[in-house]
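Asker: For reference, the structure I am asking about is given below.
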Amino acid sequence: MVVRGIFKGLSRQGSAAGADGALEKAAASPPALRQADSALRLSVLDSFEQTGLGWFWSTDGDGRLTYITPTVLDDAASLVGQSFVSVVETDGGASAGQSSRSLPFQFSAHSRIADVIVRFAVRRDYPRWWSLTGQPRHTEDGRFAGYTGFARDVTSEYTRQREDERAAEFDSLTGLFNRHRMTRRLDSVLAAYRASGRCCSLLMLDLDKFKHVNDTMGHPAGDELLRQVAERLRKVVGDRGDIGRLGGDEFQVILPDLEDRGRLGELASKLIQMISQPYAIEGKRAVIGTSVGIAVAPHDGEDREGLVASADLALYAAKNGGRGQFRFFSAELKDEAQERTILTGDLREALGRGELELHYQPVVRIADNYVVGFEALMRWNHSERGPIAPSVFIPIAEESNLIVPLGDWALKQACSDAANWPDTVRLSVNVSAVQFGIAGFVNSVASAMATSGIDPDRLELELTETVFMRDSEAVDETFASLKGLGVRLALDDFGTGYSSLSYLRSAPFDKLKIDRSFVETCAAKDNNSAKIISAVIGLADALGMETTVEGVEAFDQLEVVKKRGAKLVQGHLFARAMPLAEVESRLASGDLKLEPNGPKRHRPERRSVFRRVIVIHEDHRYEAVMRDLSRTGARIDGLLGVPVGTNLVVDLGGGQLVVSMVVRSDEAVIGVEFEQPLTSDGAGGLCTRHRVPPSTLAAAGATAEPKGKPRFIQVAVPGSRERP
């Protein structure tokens, strides 16, 4: 009787085998003929149910199953009496259609159900999809009596449709979102957040040295590398954002509701660290790196085009800054890109014009303060601009491959300069990864030693861990050739890059150099830097290596590294890098003992700046000049008679408002301490963790120059506990 009732319901809705005209003819036939015809049709329906191509169902007025084809599932009979919308579930994706997302609503509205794609919620391991159709039934007095319906198997065509849709939105190689999907996602997030003033961060990444892996190990190895990179990205980002591969070795990460530049910098650093760890591919080791550009909406762009352009510019700056770095977008980057182009042209001519020279920084033995060596450092005195910082022109040289001829010149010049030094004084020369990787590098070293006559044991080549971002066999061959010449090898900046103890096991280093970043905070309380210094020195001792600690600038730092077992140090506490003439003068007089001279305690580095800022106090705004800046405070000129303890807000520009307190006051000069420390901008500079959105600043009038009567600027400062 149940099947007959379903059959009648389906006949009325005209969706099962049938045709309404045939049913009308059957109704007009004699009773015996109608009975035979009905029995035949029920037999046909029973046979159809046995095929597994579809199943029938019916519910009562409360939506509970009253019938389901018994053969559709092993335990189908147990489903009778359960809510139908709990027995099946929709895909919920775009392919399921709008109707799939409103199946419970359609049931509650007693409306007709047509071609809704479902699967059994009680059997998700049952990999079949069904197109569900149902017709509402009513009693003679018009009350809703439930549904009768039919479901047909659409697994094949629906699976194919889903795969096509996935191919349109996912990268087939890595499984990440593709450019099309990321574009639509970023558009939708920015449009939704614009009205409410919410933030969204965009990270752009590309891989350093990926082309080298492709060229030396083959494209299949390159594909496997990209898959492993994608997996590491997933582990680091997790569910905080969307990750996409835009093509080639370029990736993008969308991070909704994250604008804290401290957290963004930490995330970018972790991405760089994770991606830069060695990869095992086809029994070989591949080492690459990555650079990251970061932009935050609405500060750096309110629409997709503007935000992507800002992130791209930040990525370009990160790569030009030496790679393996992150960089936040700032308005200055546009001018910086033009400046780099000009400096690149000037650097090509600098050597020929005699603008380059070498200065030498002493390496001091702590036990007796005697100089045991000098490190050669390149200096550029531009004919028009004056001194150009190495942190500016060395990355330009590496990016443009000028580092090869410049490095070759520095090696030969340094060997020539040091040839007549005492035999007890060693020479250290920095070698870039680019220079190390060229075919003729070993010959250049041999030529420099032969021409100058310097003893090989006095020459120490300082290398960074980036030299391992090449084919391991080629690196090992170069190491073996250098050791065959008799030169010493030092691993510079140990612990700051792609550190792996396997490097120390496989590479014949004679020395480890502990980076200044550990020394900077080693005397601070509750800091692990001193423990790290101790561990590195212990490791080097166990491996029979020397250590040199760089960046010692204060007596408290010297005391810490001395207690931790350091024997050799470099730093301003003893001497800065000096011209050759001064070195030769000291050597001639035998004055090789350097007494430490400097501050008793290390203070956080203050960057000398000349920057116009706005200082906000209560209902007044003042123009002033900031001359020194550190993570925790600044020196500001131009405000007369400000008492110690005064609360101020310093507007650094670009939405960067810093809640501060005056801790020193001397006539028109004040020293302020920040409530929240600044964070790294990834390029050696400092920035606030949070920024006030442009719309808020515009509404408050804080972007306008102060004119006439001072105004009270009511702008909440993100990350602070008070308002200006």
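The values are calculated or read from the model by the stated rules, or taken from the named source; none is laboratory data. Since the structure is predicted, the reported quantities are computational estimates derived from the model, not experimental observations. Reconstructed Cβ throughout: ideal geometry from the backbone, glycine too, with neighbour counts over all protein chains shown. Ligands, DNA and RNA are stripped out before the accessible areas are found, and what is left, the full protein with its side chains, is counted by its heavy atoms. Shrake-Rupley method; radii C 1.70, N 1.55, O 1.52, S 1.80 Å.
Asker: Applying a 10 Å radius around every beta-carbon, put 671-679, 581-589 in order of their mean neighbour count, most first.
Answerer: Order by mean packing, descending: 671-679, 581-589.
Asker: Going out from 0 in 10 Å bins, what whole percent of all Cα-Cα distances in region 372-490 drops into each bin?
Answerer: Bin by bin from 0 Å, the calculated values are 13, 45, 32, 9, 1.
Asker: Let me ask something else about it. When a/c is below 1.5 the answer is rounded, else prolate if a/b is larger than b/c, else oblate, so apply that to region 55-193 with a ≥ b ≥ c taken from the square roots of the Cα gyration tensor eigenvalues.
Answerer: prolate
Asker: Sticking with this structure for a sec: Taking a temperature of 37 °C and a viscosity of 0.692 mPa s, what whole-number D in µm²/s does Stokes-Einstein yield for region 540-670 with Rh from Kirkwood over alpha carbon pairs?
Answerer: For the chosen part, D equals 178 µm²/s.
Asker: Starting from the residue with the highest accessible area, list 334, 525 in decreasing order, probe 1.4 Å.
Answerer: 525, 334
Asker: Rounded to whole Å and sorted largest first, list the principal axis extents of the Cα atoms in region 274-404.
Answerer: 59, 50, 31
Asker: Restricting to Cα atoms and excluding each atom paired with itself, what does the Kirkwood estimate give for region 370-436 in Å?
Answerer: 13.2 Å
Asker: Using alpha-carbon positions, what is the distance between the centroids of region 282-356 and region 155-226, in Å?
Answerer: 23 Å
Asker: Can I ask one more? Just the accessible area per residue of region 549-671, please: how many Å² with a 1.4 Å probe?
Answerer: 52 Å²
Asker: Related question: Report the convex hull volume per residue for region 270-333, counting only C-alpha atoms, in Å³.
Answerer: 87 Å³
Asker: Compute the orientation-averaged projected area for region 535-601 from the convex hull of its Cα atoms and round it to one decimal in nm².
Answerer: 5.4 nm²
Asker: Divide, for region 149-262, the radius of gyration over alpha carbons by 2.2 N^0.38 Å, where N is the residue count.
Answerer: 1.33
Asker: By per-residue mean of other Cβ atoms within 10 Å, what is the highest-first order of 106-118, 681-693?
Answerer: Packing order, densest peptide first, comes out as 681-693, 106-118.
Asker: Could you give log10 I(q)/I(0) at q = 0.14, 0.17, 0.24, 0.30 Å⁻¹ for region 649-699, computed by the Debye formula over C-alpha point scatterers of equal weight, without solvent?
Answerer: -0.44, -0.62, -0.95, -1.12
Asker: Given H placed 1.01 Å from N in the peptide plane, which residues other than close sequence neighbours of residue 689 have an amide H under 5 Å from its amide H?
Answerer: Hits under the 5 Å cutoff: 679.
Asker: Would you mind counting up the charge near residue 198? Only other residues with Cβ under 13 Å from its Cβ, with Lys and Arg at +1 and Asp and Glu at -1.
Answerer: -2
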